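Below is one structure, written out as structure tokens, with a few remarks after it.
None of the figures in this text is laboratory data; all of them are computed from the coordinates on show. These numbers were taken from a predicted model, which means no experiment stands behind them. Here Cβ is always computed from backbone atoms with ideal geometry, including for glycine, and neighbour counts include all displayed protein chains.
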Amino acid sequence: MPVPSREVFFATCAPGIEPVLHEEIRALRLGHVERQVGGVHFEGTIRDAWRANLWLRTAVRVLQRVARFEASDANALHAGASSVDWSRFVRADGTFVVDARSKESALDHTLFVEQRVKDGIADQFRAKSGRRPSVDKESPELGVHVHLFRDRCTLMVDTSGESLHKRGWRRFQGRAPLAETLAAAIVMMSGWDRRAPLLDPFCGSATILIEGALLAANVAPGLFRERFGFERWPGHDAGAWQAMRETARAESAFPPKLVVRGWDQNAEFVEKARENVAVAELADRIVLEVGGARDFEPRRGWNAWIVTNQPYGERVGDERDLELLYRRFGERLREFAVGSHLALLSGNPRLARSLGLKPDRVVALKNGALDCELLLAEIAG
């Protein structure tokens, strides 16, 4: 059996998440790890990319670099795209899609760049077999990413397929759901020790609680996925991949006596969130209850981690009502949760100040297109 070649990969993430993803990749003991803007670079074999897709909680995609060359004009771009052996990644009767980004380059029309790279791929297959793969923008077997910066082109193939935030356990979206990757990042940034109670008084679809419980139980987030992009590539070793999945499944264990609880004032949402919990195989581990944050009263002495995405007026709730909600929630925290830790995602600094809590640290994050802040604090009386 041939030894897998070493490749260069780039795991992408949302802005502000790079330090967390960097630590995740270091924990996987991958090679030549380097944090960059928008993600983390590492080197390894295709099986290392399998592990990254299976285990990374905060990555959006894992891209494999296949070429880098100067491309100041259309002919150079076509020639560079034609030089890659695309038969490693897609069959002549398969499907693919090209996505391009360009900055400070002569070729600044991304649709044209995508067309020239597509032509380079198709022309290579036609020259070899007389056939060519077709473009499929909905469910392609191969995703090709083109990055042009100052006339230097980097071509990458997508090992992930669909975005890694699509774990596979979500059935209910909720009112303003967090991406699973952002929820996992928030839990990890909170400093939660995975032993103290994890509480979310604004649980919505239970995303934060599910991602926290999976983290505590060492459950690989990719185990719920039906398929990754690399599984559709020619020559994929399905047996070795299945063995890796089974090994990961055997390594999971939920901590005994761990308390994971959430509340939401909407009874219908709580019931639907329980569907997500059940699909994530955590029905006997996560307790969800109907309750408003104004009545939030954690058990004294719990020294819990309260991790939440409180409504902040962009999509849910009137701001005047929310200001009162924040104020009362802050009062409940100071009365019942002294000594506990708070990690609160907010997209409205004025509302966050209504809590009456002084954060120990503030981290700038993005919730989709929204600029947000993660407020981290130890609650004092």
Worksheet item: For a label point 7 angstrom out from the Cα of residue 226 toward its Cβ, which stretches of region 167-185 have the backbone nitrogen within less than 18 Å?
Response: 167-173
Worksheet entry | region 200-241 versus region 1-79: alpha-carbon centroid distance in Å | 18
Practice prompt. Could you pull out every residue, at least 5 positions away or on a different chain, whose amide H is within less than 5 Å of the one on residue 233? Hs are placed 1.01 Å off N in the peptide plane, and Pro or chain starts have none.
Written response: none
Item to complete: Please report Rg over Rh for the chain, where both radii come from the alpha carbon positions and Rh follows the Kirkwood definition.
Response: 1.03
Practice prompt. Taking amide H positions as placed in the peptide plane 1.01 Å from N, state which residues far from residue 39 in sequence (5 or more) or on other chains have amide H under 5 Å from it.
Written response: 13
Worksheet entry | Cα extents of region 34-92 along the three principal axes, largest first (Å) | 40, 31, 17
Item to complete: Note the full-extension length gain between residue 101 and residue 134 as 0.36 nm times their separation in residues minus their Cα-Cα distance, in nm to one decimal.
Response: 9.7 nm
Discussion item. Let me make sure I get this right: for region 92-146, a, b and c are the square roots of the gyration tensor eigenvalues over alpha carbons, sorted descending. Under 1.5 in a/c it's rounded, otherwise prolate if a/b > b/c, else oblate. Which is it?
Written reply: oblate
Fill in: Descending Cα extents along the principal axes, region 272-345, whole Å
37, 34, 20
Worksheet entry | Segments 324-332, 129-137 sorted - mean Cβ within 10 Å per residue, highest first | 324-332, 129-137
Practice prompt. Over the Cα atoms of region 7-158, compute the convex hull volume and normalise it per residue, giving Å³.
Written response: 111
Fill in: Sum of -39500 (n - 2.57) over DSSP H runs of 4+, divided by residues of the chain (222 nm, nearest 500)
-9500 deg cm²/dmol
Worksheet entry | Beta bridge orientation in region 47-201: antiparallel %, DSSP, nearest 5 | 55
Item to complete: Above 25 angstrom, tally the Cα pairs of region 170-285 and express them as a % of all pairs, no decimals.
Response: 28
Fill in: For region 248-381, alpha-carbon Rg over 2.2 N^0.38 Å
1.12
Worksheet item: Near residue 103, within a Cβ-to-Cβ distance under 14 Å, what is the net charge of the other residues, with Lys and Arg +1 and Asp and Glu -1?
Response: 0
Worksheet item: What shape does region 71-168 take by its C-alpha gyration tensor, where a ≥ b ≥ c are the square roots of the eigenvalues and a/c under 1.5 counts as rounded, a/b above b/c as prolate, and the rest as oblate?
Response: oblate
Worksheet item: Ordered by residue, what ³J(HN,Hα) values in Hz, to whole numbers, does region 219-235 give under the Karplus form 6.51 cos²θ - 1.76 cosθ + 1.60, where θ = phi - 60° and Gly and Pro are x?
Response: 8, 5, x, x, 5, 8, 6, 6, 6, 10, x, 5, 5, 9, 7, x, x
Response to the item:
region 129-212, Kirkwood Rh and Cα Rg, ratio Rg/Rh at 1.16
Response to the item:
Between the Cα axis of helix 238-250 and the main Cα principal axis of the chain, the angle (0 to 90°, nearest 10) is 20
Response to the item:
Whole-Hz Karplus couplings 3J(HN,Hα) for region 194-209, θ = phi - 60° and coefficients 6.51, -1.76, 1.60, Gly and Pro as x, run 6, 10, 6, x, 10, 10, 9, x, 10, 6, x, 8, 6, 4, 4, 5
Worksheet entry | Burial ranking of peptide ranges 298-307, 251-260 (average Cβ count within 10 Å, highest at the top) | 298-307, 251-260
Discussion item. If neighbour count is taken as other Cβ atoms inside 10 Å, put 241, 192 in order from fewest to most.
Written reply: 241, 192
Worksheet item: Quick one: which of 342-353, 179-190, 138-149 comes out on top by average Cβ neighbours within 10 Å, and what's the full order, highest first?
Response: 179-190, 342-353, 138-149
Item to complete: Would you kindly derive the ³J(HN,Hα) couplings of region 9-19 from the backbone phi angles with the Karplus curve 6.51 cos²θ - 1.76 cosθ + 1.60 (θ = phi - 60°), listing them in order in whole Hz, with x for Gly and Pro?
Response: 10, 9, 8, 8, 7, 6, x, x, 8, 3, x
